[in-house]
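Encoded as structure tokens, the structure appears first; notes follow it.
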Amino acid sequence: MRVGVVGAGIAGLTAGYALSKQGIEVNLFERSDSITEFGAGITLSKNATILLRDLELFDSIAGSGFHPRKSFIRDYKNCSVLNSMELDDNFLTLDRRDLVEQLDLRFKEAQGNIHTNKEVTSISPSTGTLSFANHPDETYDLVLVCDGIRSSLRDSNFEGQEPRFTNYIAWRGMTQITQLPRFEDSDKVNVYYGPGSHWVHYPTGRDEMVNFVAVENNPRWSEESWKVEGFKTDFLESFEGWNDDLISMAMSSDRLYKWGIFERPLPKTLYNGRAILLGDAAHPMVPFLGQGGCLAIEDAYCLSSLINQVADLEEVLSIFDEMRNNRSRWIQKRSRLQGSFNHISNPLLIPIRNIFAKIFMKKSVQNLHSYNLNAELSLKLQARL
Ligand SMILES: Cc1cc2nc3c(=O)[nH]c(=O)nc-3n(C[C@H](O)[C@H](O)[C@H](O)COP(=O)(O)OP(=O)(O)OC[C@H]3O[C@@H](n4cnc5c(N)ncnc54)[C@H](O)[C@@H]3O)c2cc1C
């Protein structure tokens, strides 16, 4: 079997690596002229990291990351703790650049082929043919469409709706660990609930840097791009009344980026002929459970395991579709609900929300992170026999 992959993000690189590791010939096409990521943090939870362990990727990735060991939910003003939970070795925070660098390295070590500066302009799902602006057509037995939330290949080959703006704007920045708020455990994962907004910050393990994301409800996104550099004065206006230490931390960042948060419903079916959607191309979601990248890893693992265990390609695609469509739909919905929960602004509802956070946070997070893709896969494969 020969596999063509479009897009060198988390989904494309992980899937490319997992298939190459099985000895399958993989050619990955990336439109940029290098394999890089935006300098920002990412969290990876157990549902994804147990798969990285299985793929023998975890140690090299964890080597450049950070184990925060604990997470806290706090009040936005006085930073008092609403709840906290322990995190084990399976929970990792890191800089996206390190994650993608490791995936790229390991893919190449596994004899995977990367072609940069190769934008795929169209695909033919029935034949598995890829067309490029600057390269002759290539034909594959299977094409993995991993071109991200703005997937143009999804537009033309799968039914489904356009990405829609969610009325959330995320402000992202990085600063030195010495700029963290001056209270105990500020160097763990800290989440703050404020009216109509929330923040998250954690160390990334790279150069003593901390990543922070501050999300506000804001129905206006007029920018052409989905990511632009924002003005500190606008940031201060949006987060007026927040704790002084948090504001100082954000102000110490060289740059603040404003990121419009978009979402896109899943198509009814994740494959069409020989083409299949993975990662954000399939199920972009609001990032409030930190699961978009984790699901991209789950997708990659699921597909490569099925290819390893099921001879018939049509059956591989059908089982993948059933498993991943259900799970991604559910996590997309839960992420949306988490956004509404985090951003409650009615003063009468805030104390009730906080009680819920106290009672249910651990259970809800554990439930999310304890998903075991291999267990579901075994059940599905047994059911076929
Ligand atoms: C503010 C924010 C915080 C987040 N935090 C977390 C978190 O903590 N944990 C987590 O798990 N997830 C998080 N996510 C989600 C996560 O970032 C995404 O789900 C993940 O990066 C998606 O990876 P991907 O490979 O599917 O797509 P992408 O990373 O978008 O990669 C797509 C690739 O395809 C290439 N490409 C596009 N079109 C073409 C073409 N036609 N031809 C060739 N190449 C092409 C692009 O250049 C790009 O390299 C967050 C998201 C946001 C916005």
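The values are calculated or read from the model by the stated rules, or taken from the named source; none is laboratory data. Quantities reported herein were computed from a predicted structural model and do not represent experimental measurements. Neighbour counts run over all protein chains shown; Cβ positions are idealised from the backbone, glycine included.
Please determine whether any residue of the stretch 158-174 is hydroxyl-bearing (S, T, Y) and part of a strand (DSSP E or B). Spell out the reasoning first.
Taking the stretch 158-174 first, the residues hydroxyl-bearing (S, T, Y) are 166, 168.
Imposing the further condition that a residue be part of a strand (DSSP E or B) reduces the set to 166, 168.
Yes, the stretch 158-174 has at least one match.
Would you call S156 small (G, A, S) and within 14 Å of the ligand (Cβ to nearest atom)? Working first, answer last.
Working: small (G, A, S): yes; within 14 Å of the ligand (Cβ to nearest atom): yes.
Against the criterion (small (G, A, S) and within 14 Å of the ligand (Cβ to nearest atom)), S156 qualifies.
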Does N90 satisfy being touching a residue at least 60 places away in the same chain (Cβ under 8 Å) and touching a His at 6+ places or on another chain (Cβ under 8 Å)? yes
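Being acidic (D, E) and modelled with pLDDT of 95 or more, is that true of even one residue in the stretch 108-119?
In the first step, residues of the stretch 108-119 are kept if they are acidic (D, E); the result is 109, 119.
Cutting the leftovers down to modelled with pLDDT of 95 or more gives us 109, 119.
Within the stretch 108-119, one or more residues are acidic (D, E) and modelled with pLDDT of 95 or more.
Consider the stretch 77-107. How many of its residues are surrounded by fewer than 16 Cβ atoms within 10 Å (Cβ to Cβ) and of a type in the set (A, V, I, L, M, F, W, C)? Lay out the reasoning, then the answer.
Within the stretch 77-107, the subset surrounded by fewer than 16 Cβ atoms within 10 Å (Cβ to Cβ) is 77-78, 80-81, 85-86, 88-89, 105.
Now restrict to residues that are of a type in the set (A, V, I, L, M, F, W, C): 81, 85, 105.
Number satisfying all stated conditions: 3.
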Which of the residues spanning the stretch 5-23 are in a helix (DSSP H, G or I) and more than 6 Å from the ligand (Cβ to nearest atom)? L13, T14, A15, G16, Y17, A18, L19, S20, K21
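Can you report the number of residues in the stretch 87-134 which are assigned to a loop (DSSP other than H, G, I, E, B) and not acidic (D, E)?
Taking the stretch 87-134 first, the residues assigned to a loop (DSSP other than H, G, I, E, B) are 87-91, 110-112, 116-119, 125-128, 133-134.
The next check asks that each one be not acidic (D, E); those that pass are 87, 90-91, 110-112, 116-118, 125-128, 133-134.
The number of residues fulfilling the criteria is 15.
Where in the stretch 243-347 are there helices (runs of 4 or more DSSP H), lying wholly inside it, with at least 1 residues that are closer than 24 Å to V5 by Cβ, away from the ligand (no atom under 16 Å from the Cβ) and in contact (Cβ under 8 Å) with a residue 60 or more places away in the chain? Talk me through it step by step, then tell me what you get.
Details: elements: 244-251, 292-309, 313-342.
Filter on the stretch 243-347 gives 292-309, 313-342.
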Scan R74, R31 and give me the residue that is surrounded by 15 or more Cβ atoms within 10 Å (Cβ to Cβ), at pLDDT 95 or above and part of a loop (DSSP other than H, G, I, E, B). R31
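Pull up the stretch 34-56, narrow it to residues that are out of contact with any Asp or Glu (no Cβ under 7 Å at 6 or more places or on another chain), part of a loop (DSSP other than H, G, I, E, B) and closer than 28 Å to L368 by Cα, then point me to the one that is farthest from the ligand (Cβ to nearest atom). If you could, list the steps in order and put the result at the bottom.
Residues of the stretch 34-56 out of contact with any Asp or Glu (no Cβ under 7 Å at 6 or more places or on another chain): 34, 36-38, 40, 42-46, 49-50, 52-56.
Now narrow it down to the ones that are part of a loop (DSSP other than H, G, I, E, B): 34, 36-38, 40, 45, 55-56.
Applying the additional criterion that residues be closer than 28 Å to L368 by Cα yields 37-38, 40, 45, 55-56.
Working: E37: 7, F38: 9, A40: 7, S45: 8, L55: 16, E56: 20 Å.
Filtering first and then ranking leaves E56.
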